Amino acid sequence: MSIPVLLADIGGTHARLALFYPQSTLEAGGAAQLWCVEKLRCADFGRIQDVIRAYLMLPAVRQYAVPEKAVLAVAAPISQSKVRFTNSAWEFDTDELAAELKLSVKILNDFEAQAYALAWIQHLPVRWLQIGAQSAYEGLRTTAGPGTGFGAASLSRGGEVISCEPGHVAFAPQNQQQVRLLSQLWSWYPRVTVEHLVSGPGIANIYAALSTLGGQPMTPREAPTPEAISEQLIDDKQSVDSTSIAVNTMSLFSSILGAVCGDLALAHGCRGAFLVSGQLIASLGRGFDERLFLEAFHDKAQYADWCRAIPVGLLQSDWPGLEGCAAWCCLNR
């Protein structure tokens with residue numbers, strides 16, 4: 001085989017890396033075949049260079065030819081050579097990174113990368129929540145998802161990727177309960193954004209706010225992890241008490257995420273498909289309420305039928321960012 005390309009999807013918490021041979025994947029032949037996929041904790045490394053070097057030094061990786069090119073998807077806005085991560089202290093200069101690692105480097109926003117993979121939508125592992133009216137996936141396709149933050153991007157019918165930063169849009173409450181929630185979050189944050197509610201830290205914010213509003217003051221740092229809240233929810237639903245903080249937290253999270261995604265679909269003119277991605281949703285298991293998500297996705301007054309006509313699904317890939325980087329390689333080789 002020829003020389004592989006180094007792929008990386010680096011967020012605020014984890015770095016996922018792999019090797020990829022662009023010539024091994026035909027655009028019509030299915031999803032990308034990745035080699036030596038590894039997930040490393042960003043907190044274990046001081047710089048992005050360090051995590052890439054650690055990956056390249058793994059025995060399994062060293063069996064392959066040394067990459068000459070890297071395609072990196074990062075959780076940061078990409079507008080110049082200096083890149084600052086949104087939800088971590090990492091920053092780097094693209095030219096300096098390339099020189100230090102002796103690689104040519106292409107930088108993509110993390111969801112920009114995922115949007116390229118939408119070109120292979122028929123081959124992606126998707127669990128559809130609604131089929132909609134566009135069975136051929138015609139029209140603009142959007143992917144979005146919560147993690148350490150909240151991101152999204154779209155792929156136009158002409159193959160152009162449209163990037164955005166929806167996690168930093170102001171949160172708009174949909175009912176009085178959400179108004180009270182917003183009021184509590186204002187005591188912690190001067191500007192409450194979508195990301196303060198539909199992300200891993202956002203789940204902690206909701207839990208702490210509900211606890212505080214219920215007379216048991218709590219800061220977001222004191223809240224359980226999203227996975228612990230989801231497990232508590234399952235236990236609570238099996239008991240008589242279905243009004244626990246955990247149940248209400250996950251109901252609010254599911255509903256707010258649906259409302260935000262529906263707004264994105266309208267704002268982007270999404271007709272082809274809307275995919276929700278991210279390991280956070282998978283880790284929540286039954287804690288994520290698909291019914292509430294779809295109800296809020298549809299709740300758009302005279303545009304409810306528009307939202308019902310969009311195919312909506314959960315992307316069940318373990319490596320959507322890496323697959324997006326692979327798609328970019330195939331489209332730009």
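Only one of the listed residues (Arg53, Arg62) is open to solvent by 50 Å² or more (accessible area, probe 1.4 Å), among the charged types (D, E, K, R) and over 20 Å from Thr13 (Cα atoms). That residue is Arg62.
With respect to the stated conditions, Gly324 is in contact with a helix residue (DSSP H, G or I) (Cβ under 9 Å, 6 or more places away or on another chain), crowded, with 21+ Cβ neighbours inside 10 Å, modelled with pLDDT under 95 and in a helix (DSSP H, G or I).
The residues of the stretch 159-190 that are among the polar types (S, T, N, Q) and touching a residue at least 60 places away in the same chain (Cβ under 8 Å), listed by number, are Ser163, Gln174, Gln177, Gln178.
Scanning the stretch 58-91 for residues that are within 17 Å of Cys325 (Cβ to Cβ), free of Cβ contacts under 8 Å to residues at least 60 places away in the same chain and either β-branched (Val, Ile, Thr) or out of contact with any Phe, Trp or Tyr (no Cβ under 9 Å at 6 or more places or on another chain) (or both) returns Val61, Val83. Taking the condition of being surrounded by fewer than 20 Cβ atoms within 10 Å (Cβ to Cβ) and either part of a strand (DSSP E or B) or among the polar types (S, T, N, Q) (or both), how many residues in the stretch 117-176 meet it? Total satisfying the criteria: 15. For the criterion of being assigned to a loop (DSSP other than H, G, I, E, B), in contact with a Gly (Cβ under 9 Å, 6 or more places away or on another chain) and more than 22 Å from Ala117 (Cβ to Cβ), Ser2 fails. Pairs linking a residue in the stretch 36-53 that is acidic (Asp, Glu) to a residue that is not in a strand (DSSP E or B), with Cβ atoms under 7 Å and 6 or more positions apart or on different chains, are Glu38/Tyr55; Glu38/Leu58. Return the residues of the stretch 289-321 that are surrounded by 20 or more Cβ atoms within 10 Å (Cβ to Cβ) and free of Cβ contacts under 8 Å to residues at least 40 places away in the same chain; say none if nothing qualifies. Those that are surrounded by 20 or more Cβ atoms within 10 Å (Cβ to Cβ) and free of Cβ contacts under 8 Å to residues at least 40 places away in the same chain: Asp289, Phe297. Scan the stretch 81-90 and give yes if some residue there is of a type in the set (A, V, I, L, M, F, W, C), within 18 Å of the chain's Cα centre (by Cα) and surrounded by 22 or more Cβ atoms within 10 Å (Cβ to Cβ), otherwise no. No: the stretch 81-90 contains no residue that is of a type in the set (A, V, I, L, M, F, W, C), within 18 Å of the chain's Cα centre (by Cα) and surrounded by 22 or more Cβ atoms within 10 Å (Cβ to Cβ). Within the stretch 181-205, the residues that satisfy the criterion of being open to solvent by less than 70 Å² (accessible area, probe 1.4 Å) and in contact with a His (Cβ under 9 Å, 6 or more places away or on another chain) are Leu185, Tyr189, Thr193, Val194, Glu195, Gly202, Asn205. Scanning the stretch 177-206 for residues that are outside any helix (DSSP H, G or I) and either in contact with a helix residue (DSSP H, G or I) (Cβ under 6 Å, 6 or more places away or on another chain) or not polar (S, T, N, Q) (or both) yields Trp188, Tyr189, Pro190, Arg191, Val192, Thr193, Leu197, Val198. In this entry, Ala209 passes the filter for residues that are assigned to a helix (DSSP H, G or I), over 22 Å from Leu294 (Cβ atoms) and open to solvent by less than 10 Å² (accessible area, probe 1.4 Å).
The values are calculated or read from the model by the stated rules, or taken from the named source; none is laboratory data. Here the structure is a predicted model, which is why all the values come from computation and not from measurement. We place every Cβ from the backbone using ideal geometry, glycine too, and count neighbours over all the protein chains shown. Keep in mind that these areas ignore ligands, DNA and RNA; they rest on the heavy atoms of the full protein, side chains included. Shrake-Rupley method; radii C 1.70, N 1.55, O 1.52, S 1.80 Å.
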